[in-house]
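**Q** Pasting in a structure now, in structure tokens, and then I'll have a few things to ask.
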Amino acid sequence: MTDEIHDVVIVGGASAAISAAIYAVRSGMDTLLVADEFGGQIENTDVVENYLGFKSITGPEIAERFREHLNEYDVQQETGSMVTDISKEEDLFRVETEDGEVYRAHSTIVCTGGSRRRLDIPGEEEFRNRGVVYCAVCDGPLYQDEEVLVVGAGYAGTEAAVYLSDIAETVHMMDTGSEMSGEAITINQVKDAENVDFIKEARIQEIYGDETVNGVKYRQDGEMKDLEVTGVFVEIGTVPNSDLTDLPEKNDSGYIQVNPQMETAVDGLYCAGDVNDLGPQQLSVSSGQGTQAALNAADYVKEKKAED
Ligand SMILES: Cc1cc2nc3c(=O)[nH]c(=O)nc-3n(C[C@H](O)[C@H](O)[C@H](O)COP(=O)(O)OP(=O)(O)OC[C@H]3O[C@@H](n4cnc5c(N)ncnc54)[C@H](O)[C@@H]3O)c2cc1C
């Protein structure tokens, strides 16, 4: 641990964290950003068409633009290591990484986003990366002209189905509900695609195969059914990456609770983006929340230093 005390440590490497870092440094704060890696969820997305200023841009490209913008500023960056603990000692935050590095700061902004939710059924772990996929854009092209299944018909599931419909022979999309949810424009694209078939009110039970996936068993109308597919794309939402700290209050699903100022119940601890309980989980929202958190953190640090 060094003697250095930062004004703010920001944890995360995607839209919420990068926006927070830019606003923090422009507010005159000594700013350190700690991330395991840059990019975040948007890097695994096909096309973004709803972020102001870009009519259409790929996920990896917009992530790269965010990073280039960050690099215009004097923000210290530590990458390649997960933050494993955030605590508070004598009015200073202590941010610790898996490599044993410890950073201290007057304030901290948690922007750790979300990770893909797992199905938690037999075969999921066994066939992971051998037919069970969590990123349609990354691995979809491997399933050229094959029969694939997208599990989930929400925001991510419908986007994956549209993307895969240009690659796979047939895209089966399964959901426990009877309707698709997500953006209306994407739902219409699914409906227009001739090779997407929606299996409603069905619950996947098992993934089977030998070397790779051969199919799934699912329950529908009280009956066990079988579907032969070579790829299972799991798109059933996200879980918050909030395990790194027990300091703030969390809701029952693990999302960090904040007020509209992005303040947690702990003085000087802020939280922005998909890891908090506000939503909606979108780039524009997470970057806006990053801005809000940084500006409030800057006020907090100025007042704190004036009192010290
Ligand atoms: C399939 C899909 C399609 C989407 N399409 C769109 C779209 O078209 N338009 C749109 O606006 N939004 C879209 N979204 C939503 C958008 O991606 C998210 O709202 C946005 O990425 C949230 O940003 P974030 O910074 O809060 O978190 P994330 O993007 O989740 O990033 C979290 C960051 O924190 C880092 N991190 C996590 N834990 C730790 C730790 N312990 N220590 C250090 N670093 C850590 C991660 O490496 C990452 O850099 C999509 C999401 C998905 C899943």
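The values are calculated or read from the model by the stated rules, or taken from the named source; none is laboratory data. None of these values were measured; they are calculated from a predicted model. Cβ sites come from the backbone with ideal geometry, for glycine too, and all protein chains shown count toward neighbours.
**Q** List pairs: first in the stretch 77-101 and assigned by TED's automatic domain parsing to the domain that holds ALA24 and in contact (Cβ under 8 Å) with a residue 40 or more places away in the chain, second more than 9 Å from the ligand (Cβ to nearest atom) and basic (Lys, Arg), Cβ under 6 Å, 6+ apart or cross-chain?
**A** Listed by first residue and then by second, the contacts come to SER87/ARG94; LEU92/ARG104.
**Q** Same structure, new question: Kindly indicate whether GLU37 is within 7 Å of the ligand (Cβ to nearest atom), surrounded by fewer than 17 Cβ atoms within 10 Å (Cβ to Cβ), under 23 Å from VAL9 (Cβ atoms) and modelled with pLDDT of 95 or more.
**A** On the way: within 7 Å of the ligand (Cβ to nearest atom): yes; surrounded by fewer than 17 Cβ atoms within 10 Å (Cβ to Cβ): yes; under 23 Å from VAL9 (Cβ atoms): yes; modelled with pLDDT of 95 or more: yes.
Criteria met by GLU37.
**Q** Right, another one. Please work out which residue is nearest to the chain's Cα centre (by Cα), limiting yourself to the stretch 107-141 and to residues that are among the aliphatic types (A, V, I, L, M) and closer than 18 Å to PHE38 by Cα.
**A** Step one: filter the stretch 107-141 for residues among the aliphatic types (A, V, I, L, M), giving 109-110, 119, 121, 132-133, 136-137.
Then drop every residue that is not closer than 18 Å to PHE38 by Cα, which leaves 109-110, 137.
Details: ILE109: 16, VAL110: 13, VAL137: 15 Å.
By that ranking, first place goes to VAL110.
**Q** Tell me yes or no: at least one residue of the stretch 90-97 is of a type in the set (Asp, Glu) and modelled with pLDDT under 95. Please lay out each step first, then the result.
**A** Of the residues in the stretch 90-97, the ones of a type in the set (Asp, Glu) are 90-91, 96.
Imposing the further condition that a residue be modelled with pLDDT under 95 reduces the set to 90-91.
Yes - at least one qualifying residue is present in the stretch 90-97.
**Q** A follow-up question, please. Taking into account only those residues within the stretch 1-16 that are within 11 Å of THR108 (Cα to Cα) and among the aliphatic types (A, V, I, L, M), which is farthest from the ligand (Cβ to nearest atom)?
**A** VAL8
**Q** Are there any pairs, at least 6 apart or on different chains, whose C-beta atoms fall under 9 Å, with the first in the stretch 292-308 and within 20 Å of ALA272 (Cβ to Cβ) and the second at pLDDT below 95, and if so, which?
**A** Sorted first by the residue in the stretch 292-308, then by its partner, the pairs are LYS304/ASP91.
**Q** What are the residues in the stretch 155-173 that are more than 20 Å from the chain's Cα centre (by Cα) and among the charged types (D, E, K, R), if any?
**A** Selection gives ASP166, GLU169.
**Q** When residues of the stretch 40-51 are filtered for being more than 26 Å from GLU96 (Cβ to Cβ) and either buried (at least 24 other Cβ atoms within 10 Å of the Cβ) or more than 10 Å from the ligand (Cβ to nearest atom) (or both), how many remain?
**A** 0
**Q** Separate question: Residues in the stretch 90-149 that are small (Gly, Ala, Ser) and farther than 30 Å from ILE207 by Cβ: how many? First the steps, then the outcome.
**A** Narrowing the stretch 90-149 to residues small (Gly, Ala, Ser): 100, 105, 107, 113-115, 123, 131, 136, 140.
Restricting the remaining residues to those that are farther than 30 Å from ILE207 by Cβ gives 100, 105, 107.
Here the count works out to 3.
**Q** For MET29, state whether it is out of contact with any Ser or Thr (no Cβ under 8 Å at 6 or more places or on another chain) and farther than 30 Å from ALA184 by Cα. Lay out the reasoning, then the answer.
**A** Details: out of contact with any Ser or Thr (no Cβ under 8 Å at 6 or more places or on another chain): yes; farther than 30 Å from ALA184 by Cα: yes.
So MET29 passes the test.
**Q** A further question on this structure: If I filter the stretch 211-233 down to residues being free of Cβ contacts under 8 Å to residues at least 60 places away in the same chain and acidic (Asp, Glu), which single residue comes out as surrounded by the most Cβ atoms within 10 Å (Cβ to Cβ)?
**A** Selected residue: ASP226.
**Q** Name the residue, out of CYS135, CYS111, that is in contact with a Lys or Arg (Cβ under 9 Å, 6 or more places away or on another chain) and of a type outside the set (Asp, Glu).
**A** Details: CYS111 fails: in contact with a Lys or Arg (Cβ under 9 Å, 6 or more places away or on another chain).
Going through CYS135, CYS111 in turn, just one is in contact with a Lys or Arg (Cβ under 9 Å, 6 or more places away or on another chain) and of a type outside the set (Asp, Glu): CYS135.
**Q** Of the residues ASP166, ASP197, ASP120, only one is within 20 Å of GLY59 (Cβ to Cβ), at pLDDT 95 or above and acidic (Asp, Glu); which?
**A** Values: ASP197 fails: within 20 Å of GLY59 (Cβ to Cβ); ASP120 fails: within 20 Å of GLY59 (Cβ to Cβ).
None of the others qualify; the one that does is ASP166.
**Q** Can you confirm whether VAL275 is within 8 Å of the ligand (Cβ to nearest atom), among the hydrophobic types (A, V, I, L, M, F, W, C) and crowded, with 17+ Cβ neighbours inside 10 Å?
**A** On the way: within 8 Å of the ligand (Cβ to nearest atom): yes; among the hydrophobic types (A, V, I, L, M, F, W, C): yes; crowded, with 17+ Cβ neighbours inside 10 Å: yes.
It is true that VAL275 is within 8 Å of the ligand (Cβ to nearest atom), among the hydrophobic types (A, V, I, L, M, F, W, C) and crowded, with 17+ Cβ neighbours inside 10 Å.
**Q** Let me ask you something else. Can you tell me which residue is farthest from ARG26 (Cα to Cα) among those in the stretch 75-108 that are among the β-branched types (Val, Ile, Thr) and either within 11 Å of the ligand (Cβ to nearest atom) or touching an Asp or Glu at 6+ places or on another chain (Cβ under 6 Å) (or both)?
**A** To start, the set of residues in the stretch 75-108 that are among the β-branched types (Val, Ile, Thr) comprises 75, 79, 83-84, 86, 95, 97, 102, 108.
Cutting the leftovers down to either within 11 Å of the ligand (Cβ to nearest atom) or touching an Asp or Glu at 6+ places or on another chain (Cβ under 6 Å) (or both) gives us 79, 83-84, 86, 95, 97, 102.
Details: THR79: 21, VAL83: 24, THR84: 28, ILE86: 24, VAL95: 22, THR97: 26, VAL102: 25 Å.
Per the criteria, the residue is THR84.
**Q** I'm told VAL258 meets every condition in (1) near the ligand (Cβ under 9 Å from one of its atoms); (2) buried (at least 19 other Cβ atoms within 10 Å of the Cβ) except one. Can you identify the failing condition by its number?
**A** (1) is the only condition that VAL258 fails.
**Q** Restricting attention to the stretch 83-105, which residues are within 24 Å of the chain's Cα centre (by Cα), of a type in the set (A, V, I, L, M) and within 18 Å of THR264 (Cα to Cα)?
**A** Within the stretch 83-105, ILE86, VAL95 qualify.
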